[in-house]
Every structure is written in structure tokens, then in C-alpha cells.
1. Using alpha-carbon positions, what is the distance between the centroids of segment 5-71 and segment 111-175, in Å?
2. Quick check: the angle from helix 156-169's long axis to the longest principal axis of the chain, C-alpha only, nearest 10 degrees?
3. Restricting to bridges with both residues inside the chain, how much of the DSSP beta-bridge set is antiparallel, in percent to the nearest 5?
4. What residue among ARG85, ARG148, ARG159 shows peak mean-square fluctuation when the chain is described by a Gaussian network model with Cα springs under 10 Å?
5. If I take every Cα pair under 8 Å that is 6 or more residues apart in the chain, average their sequence separation and divide by the length, what percent do I get for the relative contact order?
6. May I ask which residue of VAL73, ALA145, MET40 lies farthest towards the positive end of the charge dipole of segment 38-168, with charges of +1 (Lys, Arg) and -1 (Asp, Glu) on Cβ and the Cα centre as origin?
7. Can you compute the equivalent ellipsoid semi-axes for segment 38-168, i.e. the square root of 5 times each eigenvalue of the Cα gyration tensor, sorted largest first and rounded to whole Å?
8. Most exposed first by the Cβ proxy, i.e. fewest other Cβ within 10 Å, how do HIS72, HIS113 rank?
Amino acid sequence: MANSPGEELFDVVDRDDVVVGQAGRADVHKQGLLHRAVHMFVFNSAGELLIHLRSAGKDEFPGVWTSSACGHVDAGESYDAAASRELREELGLDTSLERLAKFPAGRETANEHTVLYRTSSDQVPEFDRKEIEQIAWQAPLEVLAAIRETPDRYSPVFRMMLEWTVAASQPQSEG
């Protein structure tokens, strides 16, 4: 599969996240090949989550709300390196990241093995206007309530990861 000049190149992986080849972005998405992605949740000192509205020009889920920052892992790149790069590129933030969870590739993750990270920052993000139309700080429970009312306004992977994050942060009841 020859990719166009300047097109992003991704590692193609199997169900176990083992690299089996490489392909350009367009081929990966068109053929539904398994690949890798990262999502970052940025929280401020008030406990609010930064979410962003994807630009209308995005090839997947344009014009919907999603994680603070997110993106693909480039061919040969680690999840951790991709997370730091995407956070800088999309929001202009350079903060330490904590790895929270890894979700397997599937329909909810758009065929992406996805690692979720979190960080805290009160810095005003300088977002990439080609990627992001607008940003908002909201309490996670308020976002969940909005998701329940209008789920199609939020990306499927974001919905799943936010529900997981809120559930994981709840104290475990003794039974």
C-alpha cells in the first residue's frame, strides 16, 4: 500500500497489538485496519475536564465533542511519545502524563488500540484551530449527563472512556 507524500504512516497491528505492517492513514481508515491511538484527559485544579469540539474538516467524527487531546500513534512511535506529542500539538501543553488504561481495538474505539492518559493543568491551552473548533471546561458528571441526553454529540470512544474514568474514580462499596 503506497501512501501519498506527506500522509501519516501508521503501524498496522493485530488483535494483540503486535505490529504486522504499516499503511497510510487513508488506507488504514478505508480498510478498517487495526492501529493505535492515544487520548488525554486534562483536568484543572477545580476538577473540571477540558473537552474539545472536533473541527468540521476531520475525517472521523467531525463536529463532535471528544477528549482534551487525542491522536494516532505514528509508525514506530510509542504510546507515551505520541501522547506527549499530541498534547503539545493540539493544546500547546507540556505536562507530565499518567497512563490510566488501555482499551482494545474494536468498534467503539474505531479499530484503534487506545491508551488513555490524564494530566492536570491550569495553563490556558493554545489549541490548534485546524484540529479543534472550540474547547470547554466542564465537570465530568455534567459531561456524562449531557452525553446521556445527546450521545451523538460526543465521539463513541470519548463516551466510553469518560464512563470508565468516572466509574474508576468512585469509591468501591463493600458488599
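Rule-based calculations on the coordinates, nothing more; no lab input. Predicted model, so just to flag it, every value in this text is computed and none were measured. Neighbour counts run over all protein chains shown; Cβ positions are idealised from the backbone, glycine included.
1. 14
2. That helix lies at roughly 40 degrees to the long axis.
3. Working: 25 of 35 bridges.
That works out to approximately 70 percent antiparallel.
4. Sorting by GNM fluctuation, first place goes to ARG148.
5. Working: 335 pairs, mean separation 40.5, N = 175.
RCO, the chain: 23 percent.
6. ALA145
7. Working: eigenvalues 70, 61, 50 Å².
Semi-axes (√(5λ), whole Å): 19, 17, 16.
8. Working: HIS72 20, HIS113 23.
Ascending Cβ contact count within 10 Å gives the list HIS72, HIS113.
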